[in-house]
Amino acid sequence: MTQPPDDASARRAIAPVICYPTDSLPAPDLALYAAARASARKVDAVMIPPREAASFRVNAGQIFRISCPEGSQVGDLNLWNARDLSERFYSGKTRALHGTHLTIGDRMWSSFPTLRPMATVIADSLAWYGADDFGGRVHDVIGTRCDPYTNRLLSGGEYHHCCHSNLTRAVAAETGLGLPQAEAHVHDVLNVFMCTGFTHDTGQYFLKASPARAGDYIEFFAEIDLLGALSACPGGDCSAQHSSDAAACFPLLVEVFQPEQATLGGWSSPPPNGYSRRHRD
């Protein structure tokens, strides 16, 4: 290891600067969303079996809830524009705007060139968790998704119920695409109910037992027409490992709710990003 310079302490003491100040971002109208939720009736439900994935559709202006009906279970969520799969959830930009973990008032942003809100978190039964002593928080946009390629790299084995493969099968079943074509649409996820962070000493990504219990949920307002796919992670509550049959796993439930139209007031879907796309002066 190299010796620190004489001004090492001064360099470390420089205050950080927030990369993307969000004061100018349009704030979600949480009061409107709450009124819409209060009037909403359930119109659809999809149960996700343990170690599997399934797709669901949500129209703009509807609300969807992901819950743990039986026990603590982590889920990997992908979202697409239901009319154009090239517009999909952009976890990296969402992380840059809102932080490493999402909760009420945060939004799931779409990929370039549209870069607009796809869904807004309007309720979260685990919002109380905050940050624990290890730096762990819930609902992360850090991790990519467990996948068979990394599993093969680290263990030499074949495992087909990693979330990446689960999501691939779900997209193929929903769209009629072949598995290779469907796999190209699978992207980095929102890890619902997953408790994660970075170690203080080595900066490594860690997971720990999810604080979710049967009945816990997170709810989203759909800002555009959405196709979603959700995988019930083979790691269960991710207290020990993922990508295996060793963990206790439980189903996840997706429910879709239709608000009374009058409660949506003047709300409308956000337009695509207004950048000209000239990429030059």
Check: Roughly how many Å is it from the Cα centre of the range 133-180 to that of the range 98-121, as a whole number?
Finding: 21
Item checked: Among 134, 192, 86 the positive-end extreme of the charge dipole of the chain (Cβ point charges) -> 86
Check: Any idea what the dipole of the range 140-255 comes to, in debye rounded to 20, about its Cα centre with Lys/Arg Cβ at +1 and Asp/Glu Cβ at -1?
Finding: 340
Item checked: Accessible surface of the range 142-268, 1.4 Å probe, proportion on carbon and sulfur as whole % -> 54
Margin query: With +1 on the Cβ of every Lys and Arg and -1 on the Cβ of every Asp and Glu, and nothing else charged, how large is the dipole of the chain about its Cα centre, in debye rounded to the nearest 20?
Written below: 500
Notebook entry, point to check: Between residue 29 and residue 280, how many nm apart are label points set 7 Å from Cα along the C-beta direction?
Noted result: 4.2
Checklist line | Options 272, 148, 204, ranked by Cα towards positive dipole end of the chain, top entry (Cβ charges) | finding: 272
Note to self: What's the magnitude of the charge dipole for the range 81-198 around its Cα centre, counting Lys and Arg as +1 and Asp and Glu as -1 at the beta-carbon? Answer in Debye, nearest 20.
What the structure shows: 260
Notebook entry, point to check: Across the Cα atoms of the range 1-103, what radius of gyration and what greatest pairwise Cα-Cα distance (Dmax) are found, in Å?
Noted result: 21.0, 65
Checklist line | Rel. contact order, % - alpha carbon contacts under 8 angstrom, at least six apart, the chain | finding: 35
Next item on the list: Would you mind working out the accessible area per residue for the chain, using a 1.4 Å probe, and quoting it in Å²?
Entry: 50
Note to self: If Rh is defined by the Kirkwood formula over all Cα pairs and Rg also comes from Cα, what ratio Rg/Rh do you get for the range 89-197?
What the structure shows: 1.01
Checklist line | Farthest toward positive dipole pole in the chain [+1 Lys/Arg, -1 Asp/Glu at C-beta], among 50, 30, 214 | finding: 30
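The values are calculated or read from the model by the stated rules, or taken from the named source; none is laboratory data. These numbers were taken from a predicted model, which means no experiment stands behind them. Every residue, glycine as well, gets a Cβ built from its backbone with ideal geometry; the counts of neighbours run over all protein chains shown. Side chains are part of the model used for accessible areas, which takes the heavy atoms of the whole protein and leaves out ligands, DNA and RNA. Shrake-Rupley method; radii C 1.70, N 1.55, O 1.52, S 1.80 Å.
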